[in-house]
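Taking it in order: structure first as structure tokens, then the write-up.
Bear in mind these aren't lab numbers, they're just calculated from the coordinates by the rules spelled out. The structure displayed is predicted, hence computed values, not measured ones. FYI the Cβ positions are ideal-geometry reconstructions off the backbone, even for glycines, and counts take in every protein chain you see.
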Amino acid sequence: MASGTTRPKPRPGLWSGLLLTALLAAGCATPFDARKDAAYHEKAGSMDRPVVRPVRSISSFSDSLMCMDHMLRAAELPTTLIASKQFPDYSGKVPAATKEMVITALSQMSHLSNAFRYVDYEVDIARQDTVQNLTTILLNNNQMQLQRPALYVSGAVAFVDQNVISNNLNAGTSASRLDTGYSRSRNATIIGLEMHLGDFRTRTLIPGMDSANEVIIGSAGQGLDLAGRIGNYGVQFNVGRDYTLGTGGALRTLVDLAMIELVGKWARVPYWQCLMLDQTNPAFQRQMRDWYDASGFIGQIKLIQNSLEHQGYLPKGTGSLPVNNPMFRSALARFQADKGLVVTGVPDFQTYDRALRNFVALGEDGTLQRIGWANSGAAVATAADGTSKAAEWAAADPWAVNLQIENPQPANERPAFKQGEQVFLSATVSRSSYLYCYFVGSDGNAMRLTPNALNPNAQVSANQAVRLPDWMSPNPAFILDAGKPGTEGVTCAATRDDASPRLPAAMQVPALTLIQGVRGTEGLLQTFENALDKNDYVTQTIQWKVEPAAASNSARK
């Protein structure tokens, strides 16, 4: 037998592997059938959603902006038109819409007071949006008229000093089978914002109307590394945690503070009182969050319900209600709407924060103290030694209507209106309500001003000024002129529910027509007293004198 080389026989496992590889390659060359993944794809619609509810964007000075709104209303300032320039960031480190933040701050200071109205006109060649194009066309054809603002805001992100202070630590050990490492880092960055108020007519910056503030943001991180060998195999393990304070929230805080300063200086009001609120303390939100987490779900619901009861959103003595109780959800939704929160009817941290915000104060040692409720309605704070001490209940204002004459007037008492002179008023409610306003002439005749044909909805939100008449509308529902000499006035009633079905037939006539059988303010008030329970409505009346004029114009539409 001739000798030769013996070839090795192929192993069955090798052939199986080669065959499987060939089949997979053939499968990859064949296009997928998308229909087979239909069940998988249909989950995308539900997965492409946030997993937490949206929340309002707030800063440490959000409550200060509301405080300024009340202060400007008390000062009875006329509405001022205002504009602003773009706010550049030459560092390129703060990508935020500063101008929009300025507009929001001005708006939040004008809910009640109508202090500012923003003139939104700007030529941006790069943007060329629909509103800008239409504005340009209408202006060129004299079909649109822009009102000239009185003031404008300018400024910029002045600087961003990164890593002003920095700290780094790295340490480790090494052995034959185990290596360890530990690292820690911290740094701080300073952002500066400068803003100014200018006279639009002359394009000059008003001396003293400036604001320059800085805020510090930081970041930190920790890391642990482990590496070792077990026999011929290596094992690695890494863990770390980091945080970074965002530039957007920091810039909003600077913008809110700057606008409070600029508006306060321009209006000559004591704006610093609004900057002294406990809520401006940087530790406030974090302390509230700690209490929220420590309270547990049952504790959170109990505190929120107690707050709603003391502020009038729930009847006294309601007691504990399930979270899904319709009365609790309705009260919570009204509260969220009145406080500018996202309305969900579900208790969350922002609702907890707003409900308890006026029940937290700085203690004698400068720290925040948690305040509870006593049966008498007064607040009870726990002192450092564990004893209780009485404190005034600092809840929101009670349910009320606020009527105000908006005509420009001197600091002293307003003189009488001349016959035919236009009268401008505004009405606000401290809680979402149904609002009914009536005019009473010097002859005692009464007519309903609102709701009317152009504004048929009587329901209004809290702290939103209702203009009587709406002087911002080109076609208001009515014009209010001073009529016959004597005393005229407006009476507004705010009700919990729609009061129209419960009022007598004489009161249900169309708006701006005389109400038969009801004479004077006393008659209006008596009608509401007869139709509604005393806890279901609140009223306020404002009156003014009318003096004769040479040319009388008492026509009312």
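For E522 and D242, what is the calculated FRET efficiency with R₀ set at 60 Å and r taken between the beta-carbons, to the nearest 0.05?
Values: r = 69 Å, r/R0 = 1.14.
The calculated FRET efficiency here is 0.30.
Kirkwood radius for region 474-557, taken over all pairs of different Cα atoms as the inverse mean of 1/r, rounds to 14.9 Å. Placing a pseudo-label 7 Å from each Cα along the Cα-to-Cβ vector at A337 and N281 gives an inter-label distance of 3.4 nm. A simple rule links phi to the HN-Hα coupling: the Karplus curve 6.51 cos²θ - 1.76 cosθ + 1.60 with θ = phi - 60°, which for region 199-207 gives 8, 5, 4, 9, 6, 10, 7, 6, x Hz, with x for Gly and Pro. Given their separation in residues at 0.36 nm each and the Cα-Cα distance between them, L454 and R289 gain 54.9 nm when the chain is fully extended. Note on region 204-224 and region 303-348: Cα centroid distance 37 Å, given to the nearest whole angstrom.
For region 286-346, what is the convex hull volume of the alpha-carbon atoms per residue, in Å³?
Details: hull volume 5.4 nm³, N = 61.
So the per-residue Cα hull volume is 89 Å³.
Pairs over the 30 Å Cα-Cα cut-off, from the set K339/K418; K99/K265; K265/K484; K99/K302; K43/K99: K339/K418; K265/K484; K99/K302; K43/K99. Based on the alpha-carbon gyration tensor of region 63-151 and its eigenvalue square roots a ≥ b ≥ c, which shape applies: rounded if a/c is under 1.5, prolate if not and a/b is larger than b/c, or oblate? Because a/c hits 1.5 or more and a/b fails to exceed b/c, region 63-151 counts as oblate. Phi angles of region 429-441 translate, via the Karplus equation with coefficients 6.51, -1.76, 1.60 and θ = phi - 60°, into HN-Hα couplings of 10, 7, 8, 4, 8, 9, 10, 10, 10, 10, 9, 10, x Hz per residue; Gly and Pro are given as x.
Once fully extended, how much extra length lies between L169 and Q147, figured as 0.36 nm per residue of separation less the alpha-carbon to alpha-carbon distance?
On the way: separation 22, 0.36 × 22 = 7.92 nm, distance 5.98 nm.
The L169-Q147 span can extend by a further 1.9 nm.
Amide H contacts under 5 Å for K418: E547, restricted to partners 5 or more places along the chain or on a different chain, H placed in the peptide plane at 1.01 Å from N.
Gyration tensor over the Cα atoms of region 62-280: the corresponding equivalent ellipsoid has semi-axes (square roots of 5 times the eigenvalues, largest first) of 49, 22, 15 Å.
Distance between the C-alpha centres of region 31-74 and region 512-534: 46 Å, rounded to the whole angstrom. Applied to region 146-159, the Karplus parametrisation 6.51 cos²θ - 1.76 cosθ + 1.60 on θ = phi - 60° returns per-residue 3J(HN,Hα) values of 9, 7, 6, x, 8, 10, 8, 10, 10, x, 6, 6, 5, 6 Hz, with x for Gly and Pro. For F159, the residues 5 or more places off, or on other chains, whose built amide H falls under 5 Å of its own are G192. Taking amide hydrogens as placed 1.01 Å from N in the peptide plane, the amide H of T450 sits under 5 Å from those of C437, each at least 5 positions away in sequence or on another chain.
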